[in-house]
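The values are calculated or read from the model by the stated rules, or taken from the named source; none is laboratory data. Computed from a prediction, not measured in an experiment: that's the story for all the values here. Cβ: placed from backbone, ideal geometry, glycine included. Neighbour counts: every protein chain shown. Calculation scope for accessible area: heavy atoms of the full protein, side chains included, ligands and nucleic acids excluded. Shrake-Rupley method; radii C 1.70, N 1.55, O 1.52, S 1.80 Å.
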Amino acid sequence: MAPVDHVINFQLIVRLTDGLIIDCPRLGLPGCCSDISAWHFHRPSLPLQPGEFGLADKGYQGARELVTPYKGLLGHLNEDFTTFNQVHSAVRIVVEHTNACLTKPSS
């Protein structure tokens, strides 16, 4: 019988300047829980100054304190939204690299 993979949804708060994890709830949720539902469940406090926002992927659309990429209608975005998404992705890559380090299987 093949081993069963278990997935847990953790919400990491990662500093963009260096990829340091600055917050991670102690309780992970089942992997079937959507990112935005997990966000609302944990309600992490972001170390933000007035007027600042966190960056997140599309799974967090609807969180007031987070800036997410634009979703296009049938995959189509105008040039301004496409440019915004490219810049957003270029800045957030630090977070994705941090996630990759945590999920990479040990050799």
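Within this structure, GLY62 passes the test of being without any contact (Cβ under 8 Å) to a residue 40 or more places away in the chain and of a type in the set (Gly, Ala, Ser).
Counting only residues that are part of a loop (DSSP other than H, G, I, E, B) and either exposed (fewer than 11 other Cβ atoms within 10 Å of the Cβ) or among the acidic types (Asp, Glu) (or both), the stretch 74-85 holds 3 of them.
Filter the stretch 11-52 down to the residues that are over 16 Å from LEU66 (Cβ atoms) and of a type in the set (A, V, I, L, M) and list them by number. Answer for the stretch 11-52, where residues must be over 16 Å from LEU66 (Cβ atoms) and of a type in the set (A, V, I, L, M): LEU20, ILE21, LEU27, LEU29. Going through (1) at pLDDT 85 or above; (2) assigned to a loop (DSSP other than H, G, I, E, B); (3) of a type outside the set (A, V, I, L, M); (4) within 18 Å of PHE10 (Cα to Cα) one by one, LYS71 falls short only on (4).
The residues on offer are ASP35, ASP18, ASP23, and the sole one that is at pLDDT 80 or above and loosely packed, with under 10 Cβ neighbours inside 10 Å is ASP18. Of the residues making up the stretch 38-67, just one is modelled with pLDDT of 90 or more, assigned to a helix (DSSP H, G or I) and either open to solvent by 50 Å² or more (accessible area, probe 1.4 Å) or farther than 23 Å from ASN85 by Cα (or both), namely LYS58.
Please enumerate the residues belonging to the stretch 69-104 that are in contact with a strand residue (DSSP E or B) (Cβ under 8 Å, 6 or more places away or on another chain) and either acidic (Asp, Glu) or without any contact (Cβ under 8 Å) to a residue 40 or more places away in the chain (or both). Within the stretch 69-104, HIS88 is the sole residue that qualifies.
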